[in-house]
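What follows draws every value from the coordinates through simple rules; no lab data is involved. Quick caveat: nothing in here was measured; it's all calculated off a predicted structure.
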Amino acid sequence: MALALISISTMVFISCNSNSSKSNNSNSGNSESNSSTQQEQTKEEDNIDGIYSGTQNISGLELVAKLTINGSRWSATSQLGYDSPEYQNGVVKGNDLYDDSGMIKIGYVSGNSANINGYPSMRK
């Protein structure tokens, strides 16, 4: 009787392990396809090149800003009301925006949003 219980217990244990490894194998196949999809999305998100724009109301005047990122360089314009536009440019390092010297960080890009000190928030 004890021998029969041990045999049944062993068969149940082996059966559970076999099912577990099958589900792990099917999950690993899904995780591989999920990881490649995630890598493609990350590549798209990592490419911050493009045009971002935003506006902000300051004391009844509209501040309009436009940022263009192309490779390792960025340029921006801002205009408050009817004043002449101001121009600025600099260096891109990763998702961070630096002044033209590349020494002072003045902004960053996160997803489809860009922020530069003194500018309204901008979106792609």
Checklist entry - Across every pair of different alpha-carbon atoms, what Kirkwood hydrodynamic radius in Å does the range 55-101 reach? => result 11.6
Next on the checklist: Give me a comma-separated list of calculated 3J(HN,Hα) values for the range 47-52, in order, Karplus coefficients 6.51, -1.76, 1.60 applied at θ = phi - 60°, integers in Hz, x for any Gly or Pro.
Outcome noted: 7, 8, 4, x, 10, 10
